[in-house]
1. Taking chymotrypsin sites (Phe, Trp or Tyr not before Pro) as exposed when DSSP calls them loop (any state but H, G, I, E, B) and at most 13 other Cβ atoms lie within 10 Å, what is the longest stretch of chain B free of them, the sites themselves excluded?
2. Take the solvent-accessible surface of the protein heavy atoms, probe 1.4 Å, and return the percent of it on segment B:156-264 that carbon and sulfur atoms account for.
3. Hey, with R₀ at 25 Å, roughly what FRET efficiency would B:Val142 and A:Leu151 work out to, going by the Cβ-Cβ distance, to 0.05?
4. Is chain B rounded, prolate or oblate when judged by the Cα gyration tensor, a ≥ b ≥ c being the square roots of its eigenvalues, rounded requiring a/c under 1.5 and prolate requiring a/b larger than b/c?
5. Quick one: give the max-minus-min coordinate of the C-alpha atoms of segment B:1-124 along each principal axis, largest first, in Å.
6. Show me you know the interface measure: the accessible area buried between B and A, both chains summed, probe 1.4 Å, in Å² to the nearest 100.
7. Under unit Cβ charges (Lys, Arg +1; Asp, Glu -1), what dipole magnitude, rounded to 20 debye, does segment B:143-265 have relative to its Cα centre?
8. Net charge near B:Gly265: determine it from the other residues with C-beta under 14 Å of the C-beta of B:Gly265, scoring Lys and Arg +1 and Asp and Glu -1.
Amino acid sequence: MQATATTRAQTRWHPLDLIHCALFATLMMIGANITSFVPFLVVGGVPITLQTFFAILAGLILGSRKGAIACTVYMLIGLAGAPVFARFGGGASSLVSPTFGFIVSFILIAYVAGRIVERRGTLKSFVIAALAATVINYLFGTNWMYAAYSLWFSAPEGFSYWMAWAWMMPPLPKDILLAVLAGIFAFRLQKVLKIIPIKTDEGEMR
Amino acid sequence: MMEKMVFGRYIPGDSFVHRLDPRSKLIFVFIFIAAVFLANSTVSYALLLAFTLMSIFASKVRIGFLIGGLKPVMFLIAFTFLLHIFFTKEGDLLFELGFLKIYEEGLRQGIYISVRFLVLVLMTSLLTLTTSPISITDGLEVLLNPLKKVKFPVHELALMMSISLRFIPTLMDETDKILKAQLARGSDISSGTMKERIQAVVPLLVPLFVSAFKRAEDLAVAMEVRGYRGGEGRTRYRQLKWDWRDTTALLILLAVIVALWFLRG
């Protein structure tokens, strides 16, 4: 659907942009809890969440600005008490949870992933963007966790920076796999949806 | 699963805390989070705990709901408590069993930190237990209004939050339907290697995205034909009202902070 020139000129935000961000935030909620619908994707007793996967998709599909806003909306409705985080978590108390950094990092990774594919939109750059986003997710989330733990719990001596990393490392292989899938999936989806103009080697697609 | 979704964490009620304006509750909680760090002695931690219990009492929220919200962080509190007990080696030796030595300072620190985190979690839970997501959104919109000066899209963000909240049940139903449809076609998603299972997500996601983006277009058209043109001059159905309760709540918080300041060790 294309907006008329007048409505575009009147508002900085076209309704469709608004709703894309809003619905993506809701989709992230589905992604975070997809294992609750059917008990699949349970690896080693731990249900897999697709939160990071969806955050990457937000950037790759909606672009840097809208993607980051979609993740901000997701974070805010979660804090406001909607059960949108993993395992239907939510509420303002998530703010003091050490793993809250991963949710904050979604805003950043959606922005970065969007930025990368806005420059060049080949399949390769989609996958690279998704992988870069995963790396940022881990770096930001784990550092935040360490900082938050030190702040709220006055870091007992036995807790070291490397312990935080050891704690966070186990799901890494699955996240790398998901990132590659996110890149390929988003590339195909973007071809159909054409939400952001992407430049491929054959020239601009829109 | 659906019943958990309808209200999220919110429990409707008619207590003093429920009737507070979402703006005052948001301000209250943010100041409280910072104020918690003022406490550093037994008396000040006791005051914090007493104040929190008093607030819970005033909200008339059943303790069961709060305990339910505490479950995920219980492990964290226990873990930290043990770390403090075993690794802080100051003060008098209280207990010795083989290599296990518990010192007075460790026990004290462990209790302090556990109380601090408990108080933080209880107070923030109380905010979302007594305020519906939609009124928090309204309150946030008004509180963030000054940010409009720096071109931050406050109104748009609040609108997106409301739309997003409204679509949670819809998209959940949709996901459920898609899953059942795929299962009926014989799609096997609960076996195979990790790679196969992750790939099995695609046949669920494609229809989900298609339907979500279709809904988005329908809604955008509906908004356009009704002449949506941003927050300027928009009136609202839900009005926020600041009354004596809100001022009282903030004054009580101020009194607690002053008391904390004087009770510091």
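The values are calculated or read from the model by the stated rules, or taken from the named source; none is laboratory data. What you are looking at is a predicted structure, and each value in this text was computed from that prediction instead of being measured. Using ideal geometry, Cβ is built from the backbone for each residue, glycine included, and neighbour counts are taken over all protein chains shown. Protein only, heavy atoms only, side chains kept; ligands, DNA and RNA dropped before computing areas. Shrake-Rupley method; radii C 1.70, N 1.55, O 1.52, S 1.80 Å.
1. Details: sites that count: B:Phe99, B:Tyr237, B:Trp242.
In chain B, the maximal stretch lacking such sites is B:100-236.
2. Working: 3750 of 6490 Å².
Taking all protein chains in place, segment B:156-264 shows 58 percent carbon and sulfur surface.
3. Details: r = 29 Å, r/R0 = 1.15.
Once rounded, the FRET efficiency stands at 0.30.
4. It comes out oblate by the Cα gyration axes.
5. Cα extents, longest axis first: 53, 35, 20 Å.
6. Summing both sides, the interface buries roughly 6600 Å².
7. On the way: 19 positive and 12 negative charges, 76 e Å.
Using only the charged Cβ atoms, the result is roughly 360 debye.
8. Numbers: positive: B:Arg108, B:Arg264; negative: B:Glu105.
In short, +1.
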